[in-house]
Structures are given as structure tokens and as C-alpha cells.
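Nothing in this text is a laboratory measurement; each read-out follows from the coordinates by a stated rule. Here the structure is a predicted model, which is why all the values come from computation and not from measurement. Positions of Cβ are backbone-derived with ideal geometry, glycine not excepted, and every protein chain shown enters the neighbour counts.
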Amino acid sequence: MTMKKVFTTGQVAKICKVAPRTVSKWFDSGRLRGYRIPGSQDRRIPREQLIKFLKEHGMPLGDLEEEEWHKLLVIGAERVFLERLKELLPESEDFKYEVAQSGFEAGIMAESFHPDTIVIDLALGRTEAIQITANLRKNPAYENTFIVGLAAEDDAHTEKLKEVGFSDVFKKPFDVALLAERIRNSAEEKREDL
């Protein structure tokens, strides 16, 4: 699913469930920012301006809402870790979470939730974690997904984890704030690419 970067007034009208003339008025008054096509009266509204306008006016984002979230699937991690991660990357800042406790559950959730970042605690079982990652990487929808492994302090084979598809590996104990920063950077890169 590719996301539109620029909308016509008619497309904005459908999203907002208003008449195209209403969108033109918003645009002409300067409340909804965008630009005119040179040599024409046609208006274009960049996606980020539309989202900003909708949020400022308390209007529902509709189909735009899902693309604004950065979705995290956390697999096999301890509750304390998850709570800390949610403190650093709160849902109020467009982060959304799902949690799985097994590889089977992770597979089902990955298909329905379409996560942008997947965090897998290798305490779940190293073989199972590697299998989850290998299966995800076979699917073109997950070839660019940020997959992080949480490894034991004495794990001597973290480079092999990257070879099988992990984007990054953090050895315990680690500062959750560093992981949160990496995820936040990944979220910002995703939004810039849309």
C-alpha cells in the first residue's frame, strides 16, 4: 500500500466528508496550507499539511490515521521492559503496540497488525527468534521492517543474528532509552519516505 504525498481538493473533501468548495475556502483563507499548480487554479495539499490541519481542528484522520502510527510488535519481552518502552515511546505520540508471547502468535499478529518495528527477546528461545525473523524476511512486506533482537549478555554470536535478518541486536543489560531512540529514528525515516 503506497501512501499519497499530495492531495487534490476533491480528495481532501472525500477524506473530510465535506464539499470540495469547503476545502477551497479553507485553502484560500490560509487555514489549510498547500500550493497552486502553476498556470492553473488547481490546488494541491501536501499530506503532512492535511494531517496537521485535521489534528488542529479535532477532525478524524480516517484512512490517514494508520500511516501516522509507528507500530511496534514486541515478542516474548518482559513486562518491565515493555512498560519502560511505552514510557519512552508513548501511544500519545503516535506509537502503537501489540505483544506476542510465541512465534505462532507473532506470525498471526504480524499479518494483521503490519508492524514497522519488531522487537524479539531471544529469551523466548534463540531458534524460535531466528525462525520468526527468517520467516518475516521471506515476505517482501517485511524486507525493510526494523527487527531488533534482545540478546543475553553472554551471547557471543550476535553478528550471526544480523546475518539471518535482525537489523540490530541489543545485549542485556542495556539502556532502553538507546533502543527507544533507534526506534524513534526509524519512525521518522518512515514518515519522511511516505
Which percent of Cα-Cα pairs in the chain sits in each 5 Å bin, short to long?
1, 7, 15, 17, 15, 12, 9, 8, 7, 5, 3, 1, 0, 0
With the 8 Å Cα cutoff and a minimum separation of six or more residues, the stretch 25-174 has a relative contact order in percent of 17 percent
Cα axis of helix 103-113 to longest principal axis of the chain: angle in degrees, 0 to 90, nearest 10?
10 degrees
Compute the angle between helix 20-29 and the longest alpha-carbon principal axis of the chain, please, reported from 0 to 90 degrees and rounded to the nearest 10.
90 degrees
Excluding E105 itself, what net charge comes from residues whose Cβ is under 14 Å from its Cβ, given Lys and Arg +1 and Asp and Glu -1?
-4
Per q in 0.23 1/Å, what log10 I(q)/I(0) does a Debye calculation on the alpha-carbon atoms of the stretch 46-146 return?
-1.19
Given the pairs K52/K172; K138/K171; K52/K162, which span a C-alpha to C-alpha distance of over 30 angstrom in this model?
K52/K172; K52/K162
How large is the convex hull of the C-alpha atoms of the stretch 6-62 per residue, in Å³?
70 Å³
Gain on full stretching of the segment that runs from D175 to E91 - 0.36 nm per residue minus C-alpha separation
28.2 nm
Can you give the calculated 222 nm mean residue ellipticity of the chain, where each DSSP H run of n ≥ 4 adds -39,500 (n - 2.57) and the sum is split over every residue, rounded to the nearest 500 deg cm²/dmol?
-14000 deg cm²/dmol
How big is the Kirkwood radius of the stretch 91-171, worked out from every pair of different alpha carbons and given in Å to one decimal?
13.0 Å
Taking the Cα atoms only, what angle lies between the long axis of helix 79-88 and the longest principal axis of the chain, rounded to 10 degrees?
30 degrees
Charged-residue dipole, Cβ positions (Lys, Arg, Asp, Glu), the stretch 70-193 about Cα centre, Debye nearest 20:
220 debye
Label point distance in nm, N144-E105, each placed 7 Å from Cα along Cα→Cβ:
3.0 nm
So if each residue of separation counts as 0.36 nm, and I subtract the Cα-Cα distance between E188 and T158, what length gain in nm does that give?
8.2 nm
Could you put S167, S186 in order, starting from the residue whose Cβ has the fewest other Cβ atoms within 10 Å?
S167, S186
